[in-house]
Amino acid sequence: MAGDLLITNIGELATPQGSAGVRGKDMGRLAVWKDAVVLIRDGIIEYAGSPEGLDGESVADLPVINAQGRALVPGFVDSHTHFAFAGYRDEEFQWRAEGLPYMEIHRRGGGIRRSMEATRAAELSDLVAVGEKRLWTMLGLGVTTVEGKSGYGLDMATELKQLEAMGILADRSPVSIVPTFMGPHSTPPEYEGRTSDYMDFVIREVLPAARIQGIAQFADVFCEKGVFGIEDSRRYLQAAKAMGFGLKLHADEIERIGGAGLAAELGATSADHLLKASAEDIGRMAEAGVVATCLPLTAFTLREPYADARGMIDSGCILALASDLNPGSSYSQSIPMIFAIASLYMGLTIEETLTALTLNGAAALGLADRIGSIEEGKAGDLVLLDAPSIRFLAYNVGMNQVVATIKEGEVVYRG
Ligand code: NIG
Ligand code: FE
């Protein structure tokens, strides 16, 4: 994608600024223009700001969108999803609604293992088809970059199949895809009771194969009591780091076992979930520059207390928010719900939430120098809202505000 586009008559242009993740109080400091224009050439933002700053002559024959006073924000970056899965687990949703805990279902062989069975059974073309549908939904919600994890194969062939599906989709969909290898998502039945042996297999065989295949950029692990402990997680992440992967962790989601501290120790790009992370480990993450990614839709779905995102910002963390779209703990990709929950239940301002879903999401993917803000030199990934102000993103609870999604200067969705 690479288009030319002039957007005029923007009633409110709001964006974080910079080429790295934003920390602490700076998350709330957006650049805001009332009455603005944006000029994109060859997919890259050439100018953003007040109309007076633009040379009228040089833009005469560009395609134009008149925003008619609407608000414009950067394309959303959903930096944590498991979108390339097959099958559903709607019956588990009902069991949880009736009070059965997520980990109890996991222990009984449900949960991730059910999705593993469905994903192993799926053809590559099935995964591509279902993934493509989800990506179109994302575009309609203003998501222009998404991260997607493997982890529903738990064997060589299916882990690579999930990554391959994402590789195919990257060529087919306007949404930019950042694939992550997550072989250690759960112990498969073949290794029942032998979690460390499975981890050996992943480190020795699957991780190198994923590397050679060249699609996955990050390596992730479900570092959790009863899934993969600190020691297995550490040696896996060290091996991944030595192979050149960026590191991510599902850390301290259900029990506090120190995953957040491990992320800081290893210089991970992000640690995610963090519902039970200790204040001390959060401080270490802030110091180490590890992006703290909170996943409000998961806490909502599991009826767990939300992560202390406010405390993380106040501790100087780079905070990102993401959907965690997956068939179990968060079967949702609702950006509008994230805005509402962050504002109403997590103590974030609308400005902080916007930063968390754009520039800081980009930082969680190592892309903050290229996407995540509306600034000269960045990709022309933009979202036009059917509202005069970014406040509507939270205020109009759970409702999609997106009227147009623009990817590298091309309109890829119109509401
Ligand atoms: O991020 N926490 C671990 N993994 C996913 C859930 C996966 C599943 O239940 O299928 C998550 O919540
Ligand atoms: Fe997840």
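Quick check: the angle from helix 335-345's long axis to the longest principal axis of the chain, C-alpha only, nearest 10 degrees?
The helix 335-345 is inclined about 80 degrees to the chain.
Along each principal axis of its Cα atoms, how long is region 42-92 end to end? Whole angstroms, biggest number first, please.
60, 25, 18
Once phi is turned into θ = phi - 60°, what whole-Hz ³J(HN,Hα) does the Karplus curve with 6.51, -1.76 and 1.60 give for every residue of region 364-376, x standing for Gly and Pro?
5, 10, x, 10, 5, 7, 10, 9, x, 8, 9, 9, 4
Residue separation times 0.36 nm, minus the C-alpha to C-alpha distance between Arg211 and Glu231: what's the value?
Contour length minus Cα-Cα distance gives 5.0 nm.
Only Lys, Arg, Asp and Glu count, each charged at its Cβ (+1, +1, -1, -1), so figure out the dipole size of region 217-261 about its Cα centre, rounded to 20 debye.
200 debye
Taking the Cα centre of the chain as origin, sum charge times position over the Cβ atoms of Lys and Arg (+1) and Asp and Glu (-1), and report the length of that vector in debye to the nearest 20.
In debye, rounded to 20, the chain gives about 600.
Using only DSSP helix segments of four residues or longer, with each worth -39500 (n - 2.57), what per-residue ellipticity at 222 nm results for the chain after dividing by its residue count and rounding to 500?
When only DSSP H runs of four or more count, the value is -10000 deg cm²/dmol.
Nearest 10 degrees, 0 to 90: what angle lies between the long axis of helix 124-140 and the longest principal axis of the chain (Cα atoms)?
40 degrees
Given an 8 Å cut-off on Cα distances and at least 6 residues of separation, report the relative contact order of region 20-160 as a percent.
Once normalised by length, the contact order is 26 percent.
Need one value: the accessible area of Phe222 in square angstrom, 1.4 angstrom probe, rounded to the nearest 10.
Using a 1.4 Å probe on the heavy atoms, I get roughly 10 Å².
Rounded to the nearest whole Å², what accessible area per residue is found for region 245-347 with the 1.4 Å probe?
30 Å²
In whole percent, how big is the carbon plus sulfur part of the accessible area of region 60-105, probe 1.4 Å, protein atoms only?
Of the solvent-accessible surface of region 60-105, carbon and sulfur hold 54 percent.
Keeping every protein chain in place, order Ser233, Ser332 by accessible area at 1.4 Å, biggest value first, i.e. largest first.
Result, largest first: Ser332, Ser233.
Using alpha carbons only, how many angstrom separate the centre of region 203-274 from the centre of region 30-59?
When both Cα centres are located, 41 Å separates them.
Angle between the Cα long axis of helix 279-288 and the longest principal axis of the chain, 0 to 90 degrees, nearest 10?
Helix 279-288 and the main axis of the chain meet at about 60 degrees.
May I ask for the net charge around Ile282, where only other residues with Cβ less than 12 Å from the Cβ of Ile282 are counted and Lys, Arg are +1 while Asp, Glu are -1?
Here the charged neighbours net out to -2.
Which lysines does Lys248 reach when only Cα atoms under 20 Å apart count, and residues fewer than 8 places away in its own chain are ignored?
Excluding near neighbours in sequence, the set is Lys149, Lys225, Lys276.
Which residues make up the longest stretch of the chain clear of GluC sites (Glu not before Pro) that lie in a DSSP loop with no more than 16 other Cβ atoms within 10 Å, not counting the sites?
Maximal segment without exposed cleavage sites: 256-375.
Just how far, in whole angstrom, is region 279-322 from region 1-21 if you go by their alpha carbon centroids?
One Cα centre to the other: 27 Å.
From the convex hull of the Cα coordinates of region 1-136, what is the mean projected area in square nanometres?
For the Cα atoms of region 1-136, the hull's average projected area reads 13.4 nm².
Please work out the Cα center distance from region 337-415 to region 77-108, rounded to the nearest Å.
26 Å
Below 13 Å, Cα to Cα, which aspartates and glutamates can Lys241 reach? Residues fewer than 8 away in the same chain don't count.
In chain and number order, the partners are Asp220, Glu265.
In percent, how large is the relative contact order of the chain, given Cα pairs closer than 8 Å and 6 or more residues apart?
RCO, the chain: 23 percent.
For labels at Asp200 and Ala170 in the simple 7 Å Cα→Cβ model, what's the distance in nm?
In this crude label model, Asp200 to Ala170 measures out at 3.2 nm.
List every residue whose amide H lies under 5 Å from the amide H of Lys378, counting only residues 5 or more places away in sequence or on a different chain, with H placed 1.01 Å from N in the peptide plane.
Correct list: Ile45.
Rounded to the nearest percent, how much of the accessible area of region 234-273 (1.4 Å probe, protein heavy atoms only) is carbon and sulfur?
46 percent
The values are calculated or read from the model by the stated rules, or taken from the named source; none is laboratory data. Nothing here was measured: the structure is a model prediction, and the numbers come from that model. With ideal geometry, Cβ positions are generated from the backbone for all residues, glycine too; neighbour counts draw on all protein chains shown. In case anyone asks, the SASA skips ligands and DNA or RNA and just uses the protein heavy atoms, side chains included. Shrake-Rupley method; radii C 1.70, N 1.55, O 1.52, S 1.80 Å.
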